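Heads up, the thing below is written out as structure tokens.
Throughout, read-outs are computed from the coordinates displayed, never taken from laboratory work. Only a predicted model underlies this, so the values are computations on that prediction, with no experimental measurement involved. All Cβ positions, glycine included, derive from the backbone under ideal geometry; neighbour counts span all protein chains shown.
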Amino acid sequence: MNNPYIPMSGKIKKAWFESTDRSLRTLDIVLDNGKMDFIPGQFCEISIMGKGESPFGIASAPSEDFLRFTVNKTGYVTAAIHWLEEETPVWIRGPLGNGYPVEKFEGKNIVIVSGGFAFTTLRSLLIYLLDHRDKYKDITVVYGAREPGLLLYREELQEWAKRDDVNIHLAVDAEFEGWQGHVGFVPTILEKVSPSSEDAYLVMCGPPAMIKFTLPVIKKLNFPSEKVYTSLERRMKCGIGKCGRCNIGPYYVCKDGPVFSLDVLEKLPKEY
Amino acid sequence: MADKIVENIRKEAKRILEEKIVDIVIGFEKGTLPYTASPVFIENPDDVDKLIWNRYCHNNLAVYLRNFPDKKIGIIVKGCDSRSIVALMAEKQLTRENIYIIGVPCEGMLDKNKLLEEFGDNPPIEVKEEFLYPSCQYCEHKNPVIYDFLTGEPVQEKEEEPYPDVVEFEKKTLDERWKYFQEEASKCIRCYACRQACPMCYCEECFVDTNSPKWLDPGIDLPDLQVWHIIRAYHQAGRCVDCGACERACPMDIKILWLTRKLNKDVRDLFEFEIGIDPEKVPPLGTFSLYDKEEFLI
Amino acid sequence: MKKIDKKRLFERLNNLIKDYVVYAPKGKDFGKIEDTSEIKRESINVRLSPKQVFLPQEEALFTFKQGDIKVPENNEKYILFGIRPCDAKAIALLDKNFDTKDFPDPYYIDRRKNSILIAEACIEPESTCFCTAFGSGPFESKDADALIIDRGDYYLIDGNEKALSLFDGLLEDDGGEKILELKKKAEDSIKSPVVEGIDKKLSSMIDDPIWDEVSRKCITCGACTYLCPTCYCFDIQDVGKDDKYMRERVWDSCMFTVYTLEASGHNPRKEKEKRMRQRVMHKFNYYPFLYDEYGCVGCGRCIKYCPVNVDIRKIITKIMEV
Amino acid sequence: MDKEYEPNIIAFLCNWCSYAGADLAGVSRFQYPANPKVVRVPCSGRINPMFIVKSLYEGLDGVWVSGCHPGDCHYNTGNYYARRRFALLKNMLSHIGFEEDRTLFSWVSASEGNIFADKAKEVTARIKKLGPRKKLLKNRDI
């Protein structure tokens, strides 16, 4: 029997601070036993032996030959992860969760809305979409952060912005020296960009405050609930629907999620 | 006597609810099992007939006081519960104006388990002292120390030495005491009922729940359980009113009062202090005397 | 139905202790025995439920030493003697969570597949029992490998081959003894609340004020969940130091505030009415949704050991009245 | 050959008196055993009794806490508060059957280098006499 609690070994190939305030650290990890198959939106549990495990969304795309995670320093395990240097061994369990329904997205317009450091799994999704560019119609990205230094994967974003097959709208909350993108909060920018809801799916990830104010805009743009997807976070332990803590109603965020469509969430207790 | 108390409780509860002196009254209703009463929360003056009083009303209702931060609360208390309120006031957790205290002189609560064992489901008419909860046996404050309304005549207080059990226990050898502690602690399942039942355990984050620092490993390795009991009791030093709610709440029947009672005795002997009498007096570990004993120093 | 002499059964059980880890009622609680003389019942049902055999309160998932992961092996065989039918059903319910197709739990399954459950019928159920509410009963034999009925000097026994073969050579003909009356008497003494349709009803009661009402007296300790035979929620934590670590799982309770507390400080179930809702919903709504069965077996432990007399039967009745 | 048992002792020393006392013992070349491992704290009042219990829980053989003499506290009153806490803790640990000499308290001032050395000797000797610890040791087999 395969033991789902045992992590796989890997090594950190590259590690750097992603944001200028050093609160976010990105790790590129290569597994010892070859590559991991996954769908954008899935997550892994990273172990620090003696400290514990924490779940992180996979920020790399299946086509890349490393696993990328961006970790915000908030607690016990994440602080330990921040200490990790290049070439140190790490332990990983995954892929876990359901991931974004990329097959359902085929042949549709895709709108990606994100704020702050929630862009991780959306990077994975965006690269996946670009890798299979012919299968999808228009791709629009609206991504904002408090200031330019807090936008994830800044260089890549600039590269993508140059492409003509994807519309990237970057925003910061307030005027910033040298900033040439949008200025304002994500909901405002989304309303300004006003992507068509026709034949389109919308994927949204961000802090609770952003979600709260973006939802009315999404309704205004006429996106039906079943075509809006979001990725949830909960305290997780086992990651396989056993330990019982991450449930929202009868669904486990770790196993049946973390990606849920809005129409499913609307029927569940507001426990997220 | 008891009927008179019940009548007085209901009347007073109805009055304070009707006159809007309080928004909610915390009292006891009939329990669903033999020898039990259960906490009840009355907001409608018409519901006061749910309120009862008998010798099974052992819960310390003061534990609920902090659950209603924006309400004026009426509460029915025994001697020990009233001391909890005073202790909470001394720690600035409550304001006296927000609480209306209905005091009940208490003759001690009866131990459900002992009664079940002895009489099964048929409650006896006459009850002897031996069926009292251990926590009630040495009670020094049967009458509420603070109240707005007293439901009956004060009962006679005991004048005896209140810690005979602690004195007796101290006579045991070191290893006997350790063995006893091990036996009791090993029963623990870490449900934290003792903590939750205690009005004084109001920390937002308990030391067992933090992970940085991680004071205690999870699980039921014996030292984990022992350290939990040591520190839980120690956090009560000079704060415990000896109501015994922790021990009565324990589903595993662990004796835990002998820990806090030892601390209480020490606080009395070393610092001449008793908590829960005067809300203006600073608890013993929040103050000091230049002349505190220090024989224990090397 | 067969008949088995009590003395001879215990003798046989004593012999089996060599090959099996035998659990039985030991005073108030349920525990491992070295000799059948330890078997003693101080209450109708044991306080700590048999779930501890398959899901111990603390259990190592693996140890980690000098960069190596080592998984503990377990090849023990188990006999659970004298568990009650409700607890046997509870184990069947736990199977549904741990023995799933997508992620079977090896630790649980290793123990469970090597176990024999011998249930003992409740001739005199307790006042807190309400097993009949969930289609089970004091003489229910479905979820155990064998059911024994205490008849003074002997037991009546019925069960599957696996269980009966333990007692090869001891089984006698029961002489046509009828237990129907006994069974009826036991069943009639149980007063169960009506639960018909509660799962559907609860689906529309997520934001009902009832949760505030029923949770008010709760002091949010974990006594109910830790004693519950079907509550399985656990935490995974690391212990150890100096490059010698152990990842272990320990029981956890949805009634604790920190259960859902996230590192950011956000807590989706900060209020106790939400936690009470979670406990009740999990048993009576989520469990039926996922596995087509109620997650409660009506053993009554949570009622009996609750420090403030929160009575789940009363909660059920209140829900049904809404 | 069996090596002589050397207890592992943690010493919480207040920055202003006992730690300076230890310093003085050092520069004055007073001999004292190396068993107490020093943790410098701002004041004996800073020492949460949980530090002491935690030290024992983590496997140390003994705990020694030392601060300023009454009246000498750098923060005026820290050691008075500490004195109350330690009195209760010590009594309680003994009450549960834990050896009293594993938790030791003293006052040592900055000028008492020789006394510090004496106390260190006494602490080590007392704890050594008790032998390896058997109580409150973790049993997990890792």
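Values as computed for the structure displayed
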item	result
Nitroxide proxy distance, nm - points 7 Å out along Cα→Cβ at B:S289 and A:R146	5.2
DSSP-assigned coil residues among GluC sites (Glu not before Pro) in the range A:130-190, each with at most 11 further Cβ atoms within 10 Å	A:E175, A:E177
Mean Cβ neighbour count within 10 Å, used as a protection proxy, ranking C:104-115, A:160-171, C:80-91, A:139-150 highest first	C:80-91, A:139-150, C:104-115, A:160-171
Selection from B:I85, D:S28, D:N8 lying farthest towards where the dipole of the protein assembly as shown points positive, charges on Cβ	D:S28
Of D:Y75, D:I142, D:P49, farthest towards positive along the dipole that unit charges on Lys, Arg, Asp, Glu beta carbons give chain D	D:I142
Chain A - percent relative contact order, Cα under 8 Å, separation 6 or more	18
Set B:K14/B:K281; C:K113/C:K314; B:K187/C:K40; B:K158/B:K262; B:K78/C:K274; D:K54/D:K121 screened for pairs whose C-alpha atoms are more than 26 Å apart	B:K14/B:K281; C:K113/C:K314; B:K78/C:K274
Cα centre as origin, Lys/Arg/Asp/Glu Cβ charges: chain C dipole, Debye	720
Equivalent ellipsoid dimensions for the range C:198-321 as semi-axes, Å, which come from the Cα gyration tensor, largest first	28, 16, 15
Gain on full stretching of the segment that runs from B:V167 to B:E126 - 0.36 nm per residue minus C-alpha separation	11.7 nm
Average beta-carbon neighbours from other chains, 10 Å sphere, peptide D:98-107	3
Size of electric dipole in the protein assembly as shown: Cβ of Lys, Arg +1 and of Asp, Glu -1, about Cα centre, debye, nearest 20	580
Segments D:107-114, C:218-225 sorted - mean Cβ within 10 Å per residue, highest first	C:218-225, D:107-114
Choice from A:C243, A:C254, A:C44 with maximal GNM fluctuation in chain A (Cα, 10 Å cutoff)	A:C243
Under 14 Å, Cβ to Cβ, from A:S54 - net charge with Lys/Arg +1 and Asp/Glu -1	+3
Whether the protein assembly as shown is rounded, prolate or oblate, judged on the alpha carbon gyration tensor where a/c under 1.5 counts as rounded	rounded
Degrees separating the helix D:78-95 axis from the principal Cα axis of chain D, which is the longest one	20
Inter-probe distance in nm under a simple model that places probes 7 Å from Cα toward Cβ, at A:K212 and B:Q137	5.5
Cα centre as origin, Lys/Arg/Asp/Glu Cβ charges: chain A dipole, Debye	880
Within 10 Å of each Cβ in C:95-102, the average number of Cβ atoms from other chains	2
Degrees between helix B:222-234 axis and first principal axis of chain B (Cα, 0 to 90, nearest 10)	60
Helix B:79-90 vs. chain B, principal-axis angle (Cα, 0 to 90°, nearest 10)	70
Calculated SAXS-style log₁₀ I(q)/I(0) at q = 0.12 Å⁻¹ - the range A:109-231, Debye, Cα scatterers	-0.39
Loop GluC sites (Glu not before Pro), the range C:166-206 (other Cβ atoms within 10 Å of the site Cβ: 10 or fewer; DSSP)	C:E196
Antiparallel bridge percentage (DSSP; both residues within the protein assembly as shown; nearest 5)	55
Stokes-Einstein D for the range A:8-96, Kirkwood Rh over Cα pairs, 10 °C, 1.306 mPa s (µm²/s)	124
Nitroxide proxy distance, nm - points 7 Å out along Cα→Cβ at D:L130 and C:T317	5.6
Cross-link table B:K255/D:K134; C:K184/C:K318; A:K270/C:K283; D:K37/D:K134, entries beyond 26 Å C-alpha to C-alpha	C:K184/C:K318
Packing-based order for B:165-176, B:181-192, using average beta carbon neighbours within 10 Å, highest first	B:181-192, B:165-176
Three-way shape label, the range D:9-130, alpha-carbon gyration tensor, a/c 1.5	oblate
Shielding by other protein chains, B:203-215, mean Cβ within 10 Å	4
GNM flexibility winner over chain C from C:K217, C:K183, C:K272 (Cα, springs under 10 Å)	C:K217
GNM result for chain A, Cα springs below 10 Å: residue of A:N222, A:N109, A:N72 fluctuating most strongly	A:N222
Whether chain C is rounded, prolate or oblate, judged on the alpha carbon gyration tensor where a/c under 1.5 counts as rounded	oblate
